[in-house]
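The values are calculated or read from the model by the stated rules, or taken from the named source; none is laboratory data. Only a predicted model underlies this, so the values are computations on that prediction, with no experimental measurement involved. No Cβ is skipped: glycine too gets one built from the backbone with ideal geometry, and neighbour counts run over all protein chains shown. Ligands, DNA and RNA are excluded from the accessible area calculation, which covers all protein heavy atoms including side chains. Shrake-Rupley method; radii C 1.70, N 1.55, O 1.52, S 1.80 Å.
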Amino acid sequence: MTYLPALVVDVWMLADKLQLERCAMLCSCQIQRYMKEEDVLSILYNANRVGLKTVKYLCFAFIKDHYKQVAMMPEVNELPNELLIELLRLPAGGMQEKQQKPFSLPASTLQSDLRKLVGAKQWSDVVFSIQGEIIYAHHCILSARNSVFATMFESGMRESSSGVVEVADVSPKIFLYMLYYLYSGVLIEQPTFEEYLLLMQVSDRYLLDVLKECCAREIAYCADVGNCLSVLEAADACQLSDLKHLALEIASDNFARIALAPDLRALPQHLLVDIIQTHGLRTSHLLPHHLNQLHSHHHHYLQLHNQSHQYNSSTHGDSSSSGSSSSSGGGGGGG
């Protein structure tokens, strides 16, 4: 957006009137950053017009350091007498008692404010019914953040006209995790390992590639012989090849134990074949090559997990991270 001094002053005035402290401070930062000799008198004039004393003080502080250049500007002739008198007194020490303290930009409350809307009945215009539990939400936010919801609401489906959306194959808690992410770009709390598995699959269903990759990182970091079959099945369903190969590697490293695991009976045929063939390759004459290949998947996720510590601290408190999808293609909303 083009910097327009008069517009920034008007925005500051409105922010001051609406008690938007952070917005007013951002306007101050803009003015201080971009103030020039050729526009300081215009800013001063508009600040005086709307009664913004703080902006006037910023202008006079700048003018004092560039008095000779500003005093010769033709715009001086357009200033009212009251400003001319203040300008005249400036070299003699005027405005000294009105010097402002350094600005401290307040922390943004945008994410926490948006999180408050999740499940709030007031102003909601869509209702999700999940296992008998009602969750309130908002068409505009969901449509803007996610292409799946946008298509649903625009397609003329029964859900879009009735305002009630029946959601199957997901628990209310996991669905709420996803909604919190869509509304604010972060998770409201730290899911358990099992919840990460479920959330990853829901993210895949709703084309949330960034959230899906975030879940995959956490799962990869915690994957072990006790849960590798669950990881394998979930990664295969979500088409996350790196995570799938990591699970296969763990299964192969613990082949004797995995071969007796009761969970094997729940796996589809092609995953059983994958386990057998992976172990066969790792114990054949091709061992060095395939070991390096499979270990690279493990190292890939460990590296991503280490890089995601900053994301995770913000995910459960503040900002979101863009992430990178290692093997999942296509678009995704709500990133």
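Annotations
- Taken together, Arg33, Arg49 contain a single residue that is modelled with pLDDT under 85 and surrounded by 13 or more Cβ atoms within 10 Å (Cβ to Cβ), which is Arg49.
- Within the range 209-224, the set of residues being buried (at least 19 other Cβ atoms within 10 Å of the Cβ) and in contact (Cβ under 8 Å) with a residue 60 or more places away in the chain comprises Asp209, Val210, Leu211, Lys212, Glu213, Cys214, Ala216, Arg217, Glu218, Ala220.
- Options Phe62, Phe103: the member that is at pLDDT below 85, among the aromatic types (Phe, Trp, Tyr), open to solvent by 30 Å² or more (accessible area, probe 1.4 Å) and more than 30 Å from Lys173 (Cα to Cα): Phe103
- Test: Val164 is at pLDDT below 95, over 30 Å from Leu44 (Cα atoms), under 23 Å from the mean Cα position of the chain (by Cα) and open to solvent by less than 60 Å² (accessible area, probe 1.4 Å): no
- Which listed residue, of Leu294, Leu229, is more than 26 Å from the chain's Cα centre (by Cα) and either assigned to a loop (DSSP other than H, G, I, E, B) or modelled with pLDDT of 95 or more (or both): Leu229
- Residue satisfying all of: in the range 16-47; in contact with an Asp or Glu (Cβ under 8 Å, 6 or more places away or on another chain) and among the hydrophobic types (A, V, I, L, M, F, W, C); farthest from Cys59 (Cα to Cα) among these: Ala24
- Some residue of the range 233-252 being at pLDDT 95 or above, part of a helix (DSSP H, G or I) and in contact with a Lys or Arg (Cβ under 6 Å, 6 or more places away or on another chain): yes
- A search for C-beta distances below 7 Å between a residue of the range 21-36 that is of a type in the set (Lys, Arg) and any residue that is open to solvent by 40 Å² or more (accessible area, probe 1.4 Å), counting only pairs 6+ apart in sequence or on different chains, returns Arg22/Leu105; Arg22/Ser108.
- For the range 188-208, the set of residues classified as within 14 Å of the chain's Cα centre (by Cα) and surrounded by fewer than 22 Cβ atoms within 10 Å (Cβ to Cβ) consists of Ile188 only.
- Every test in (1) buried (at least 22 other Cβ atoms within 10 Å of the Cβ); (2) of a type in the set (A, V, I, L, M, F, W, C); (3) in contact with an Asp or Glu (Cβ under 8 Å, 6 or more places away or on another chain) is passed by Leu246 save one, and that test is (3).
Yes/no matrix, rows are residues, columns are (1) over 35 Å from the mean Cα position of the chain (by Cα); (2) in contact (Cβ under 8 Å) with a residue 24 or more places away in the chain:
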{"residue": "Met13", "(1), (2)": "no, yes"}
{"residue": "Asp16", "(1), (2)": "no, yes"}
{"residue": "Gln19", "(1), (2)": "no, no"}
{"residue": "Leu41", "(1), (2)": "yes, yes"}
{"residue": "Asn48", "(1), (2)": "yes, yes"}
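- Among residues of the range 149-178 that are of a type in the set (Gly, Ala, Ser), those with a Cβ under 7 angstrom from a residue that is modelled with pLDDT of 80 or more, sequence gap 6+ or separate chain, pair up as Ala150/Ser143; Ser160/Met152; Ser160/Phe153; Gly163/Asp125; Gly163/Val126; Gly163/Val127; Ser171/Gln131.
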